[in-house]
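The structure under discussion appears below in the form of structure tokens.
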Ligand code: LLP
């Protein structure tokens, strides 16, 4: 991982040792490398430099204001799915005109807020949403920029919970209906058709599903042209996979090489909505070993992070690497290692972070769970009345707390006791 390295057996993120971070911020703590985020963003813009393009970072992957701010400064646009995410983008200095609004359940209020802020595009997922956007735009005396999110019915070959481009999924407008819905949109008074959109799933490691989806979208673009509907952009969604342990995702170069020839013929601006690929490997979750519990069948290491902090293993059987903050003096693969299940202290059997990992552990050790920058903190909760972890950003030899650990009191400060009437 580019952001992480061992120096004299001590794990560092950029120039900062993990031990120093734990001394300053305690555990559990999410730490993100600013450089690693910018490097992937830059790789996207470099790879597609020959085309007019816009990288709209998918805010849901990691929505900390510092992360959004770094990307906004670099010129990124954003892909949002709620009013809350748009408010975060604006608070972080992002430009509403470079934001696309995805999601199947936009409400009147969401649409009104987004139009008032000057949103770049609504990615429309149904006919009723189209009608609602037209109605709100009419009320505000504005013209609403829209794309239709088409569902190309391709198999993304990823985990079923994060596959979105199959006809059984709730997302998008089916490929077969798309042209008719564009024609309906063209007839609406306060709708401005600007693009076409698709997103087929997440953690795609092969390029073929992207190419298959692109081919289907291109076919639609040609049909629309014949009908006099001209688009300005096409949005290929997000979904590029990352390496967590031993996955071999398509590289950015291969990704670009497979898509560029088809894209350059179209003469449209190309949008991407990457989330995971930008932030996953820029982040780690630091956690301390609290209890070692070897049993006859299994060894459990109970740590101070849990499924409320990082739900991906429990929810998707996701596997992420677990590495020690200080290498054992004899090296990582030597005598002291045993297989450990790394588990949290929550009262659920599903509360595990990793299983059967060969490690030499002692109580008090700090472990780093890698690949935790995407869908880590954003999916965290307060289950078991656990305060959510702190978040820290590292750049060079600097580090900064970008969200303090929640206090326990804050978890119930807005609750009230029942007052008998
Ligand atoms: N655009 C749309 C419309 C999306 O629904 C998503 C993700 C993205 C872009 C970004 O996809 P990415 O580049 O991050 O793959 N919580 C799951 C992942 C859910 C993805 C949902 N949609 C996980 O932790 O694996």
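The values are calculated or read from the model by the stated rules, or taken from the named source; none is laboratory data. In this text, all values refer to a predicted model and were calculated from it rather than measured experimentally. Cβ sites come from the backbone with ideal geometry, for glycine too, and all protein chains shown count toward neighbours.
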Within segment 15-32, is there a residue that is within 16 Å of the ligand (Cβ to nearest atom), surrounded by fewer than 16 Cβ atoms within 10 Å (Cβ to Cβ) and free of Cβ contacts under 8 Å to residues at least 12 places away in the same chain?
no
Note on residue 135: of the conditions (1) modelled with pLDDT under 95; (2) surrounded by fewer than 17 Cβ atoms within 10 Å (Cβ to Cβ); (3) in contact with a helix residue (DSSP H, G or I) (Cβ under 9 Å, 6 or more places away or on another chain), unmet is (1)
What residue, of 301, 306, 282, is in contact with a helix residue (DSSP H, G or I) (Cβ under 8 Å, 6 or more places away or on another chain), more than 20 Å from residue 61 (Cβ to Cβ) and buried (at least 20 other Cβ atoms within 10 Å of the Cβ)?
306
Considering only residues that are more than 13 Å from the ligand (Cβ to nearest atom), in contact with a helix residue (DSSP H, G or I) (Cβ under 6 Å, 6 or more places away or on another chain) and part of a helix (DSSP H, G or I), which ones fall in segment 72-85?
83
Output the residue which, of all residues in segment 119-146 that are assigned to a loop (DSSP other than H, G, I, E, B) and touching a strand residue (DSSP E or B) at 6+ places or on another chain (Cβ under 9 Å), is farthest from residue 232 (Cα to Cα).
126
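Among the candidates 319, 362, 254, single out the residue that is in contact (Cβ under 8 Å) with a residue 24 or more places away in the chain and within 16 Å of the ligand (Cβ to nearest atom). Reasoning before the result, please.
Values: 362 fails: within 16 Å of the ligand (Cβ to nearest atom); 254 fails: within 16 Å of the ligand (Cβ to nearest atom).
From the options 319, 362, 254, the qualifying one is 319.
Among the residues in segment 200-216, are any buried (at least 21 other Cβ atoms within 10 Å of the Cβ) and under 25 Å from residue 187 (Cβ atoms)?
First pass over segment 200-216, keeping only residues buried (at least 21 other Cβ atoms within 10 Å of the Cβ): 200-204, 209-210, 213-214.
Within this subset, residues satisfying the condition of being under 25 Å from residue 187 (Cβ atoms) are none.
Looking for residues that are buried (at least 21 other Cβ atoms within 10 Å of the Cβ) and under 25 Å from residue 187 (Cβ atoms), one finds none in segment 200-216, hence no.
Just wondering, is there one or more residues in segment 236-251 that are closer than 18 Å to residue 76 by Cα and touching a helix residue (DSSP H, G or I) at 6+ places or on another chain (Cβ under 6 Å)? Talk me through it step by step, then tell me what you get.
To start, the set of residues in segment 236-251 that are closer than 18 Å to residue 76 by Cα comprises 236-240.
With touching a helix residue (DSSP H, G or I) at 6+ places or on another chain (Cβ under 6 Å) added as a condition, the list becomes 240.
Yes, segment 236-251 has at least one match.
Would you point out which residue out of 313, 324 is within 16 Å of the ligand (Cβ to nearest atom) and under 29 Å from residue 406 (Cα atoms)?
Details: 324 fails: within 16 Å of the ligand (Cβ to nearest atom).
From the options 313, 324, the qualifying one is 313.
Using the structure shown, decide if residue 228 is exposed (fewer than 13 other Cβ atoms within 10 Å of the Cβ), at positive phi and at pLDDT 95 or above. Walk me through it before giving the result.
Details: exposed (fewer than 13 other Cβ atoms within 10 Å of the Cβ): yes; at positive phi: yes; at pLDDT 95 or above: yes.
Taking the combined requirement at face value, the residue satisfies it.
With respect to residue 52, determine if the residue is outside the structural domain of residue 345 (by TED's automatic domain parsing), touching a strand residue (DSSP E or B) at 6+ places or on another chain (Cβ under 9 Å) and within 24 Å of residue 406 (Cα to Cα).
Values: outside the structural domain of residue 345 (by TED's automatic domain parsing): yes; touching a strand residue (DSSP E or B) at 6+ places or on another chain (Cβ under 9 Å): yes; within 24 Å of residue 406 (Cα to Cα): no.
No: the conditions fail for residue 52.
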Restricting attention to segment 191-203, does a residue exist that is away from the ligand (no atom under 14 Å from the Cβ) and farther than 28 Å from residue 50 by Cβ?
yes
Of all residues being at pLDDT 95 or above and in contact with a helix residue (DSSP H, G or I) (Cβ under 9 Å, 6 or more places away or on another chain) in segment 146-164, which is surrounded by the fewest Cβ atoms within 10 Å (Cβ to Cβ)? Just the residue, please.
146
Go over the candidates 410, 381, 385 one by one and state the one that is more than 30 Å from residue 15 (Cβ to Cβ) and surrounded by fewer than 11 Cβ atoms within 10 Å (Cβ to Cβ).
385
Condition broken by residue 217, with the remaining ones in (1) within 15 Å of the ligand (Cβ to nearest atom); (2) free of Cβ contacts under 8 Å to residues at least 24 places away in the same chain satisfied
(2)
Does any residue of segment 200-211 turn out to be over 23 Å from the mean Cα position of the chain (by Cα), more than 30 Å from residue 366 (Cα to Cα) and in a helix (DSSP H, G or I)?
no
